[in-house]
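Heads up: the structure comes next, in structure tokens.
The values are calculated or read from the model by the stated rules, or taken from the named source; none is laboratory data. The structure displayed is predicted, hence computed values, not measured ones. Neighbour counts run over all protein chains shown; Cβ positions are idealised from the backbone, glycine included. The area values use the complete protein model at the heavy-atom level, side chains included, leaving out ligands, DNA and RNA. Shrake-Rupley method; radii C 1.70, N 1.55, O 1.52, S 1.80 Å.
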Amino acid sequence: GLPSQAAHAMELGYDAVLLNTAVAKAGDPAAMAQAFGLAVEAGALAARADPMDARDMAAPSTPVFGKAML
């Protein structure tokens, strides 16, 4: 797979990901291994950061009432 898929698995709360072929078959295995390492770290950090709930539509996080229109 891809490093982004490993990050997603970690964001979902998994403890680890097991991979070999994605690194072994990459054009630059060392770079791919580093990418997976960073992705797993980022996904785990995101899971621990208590992300906000998903939404169906966008909602402004900054109040718009009482603000000048530019």
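Using the Cβ-Cβ distance between A30 and S4 with R0 set to 22 Å, the FRET efficiency from 1/(1 + (r/R0)^6) comes to roughly 0.70. Taking the accessible area of the chain, probe 1.4 Å, and keeping the other protein chains in place, the carbon and sulfur fraction comes to 61%. Mean residue ellipticity at 222 nm, helices only, the chain: -14500 deg cm²/dmol; runs of at least 4 DSSP H residues each add -39,500 (n - 2.57), and the sum is divided by the number of residues.
Label separation (D50 vs D15): 2.4 nm, computed from points 7 Å beyond Cα along the C-beta direction. Helix 29-48 and the long axis of the chain differ in direction by around 40°, with both axes built from C-alpha atoms. Taken per residue, the accessible surface of the chain reaches 84 Å², heavy atoms only and a 1.4 Å probe.
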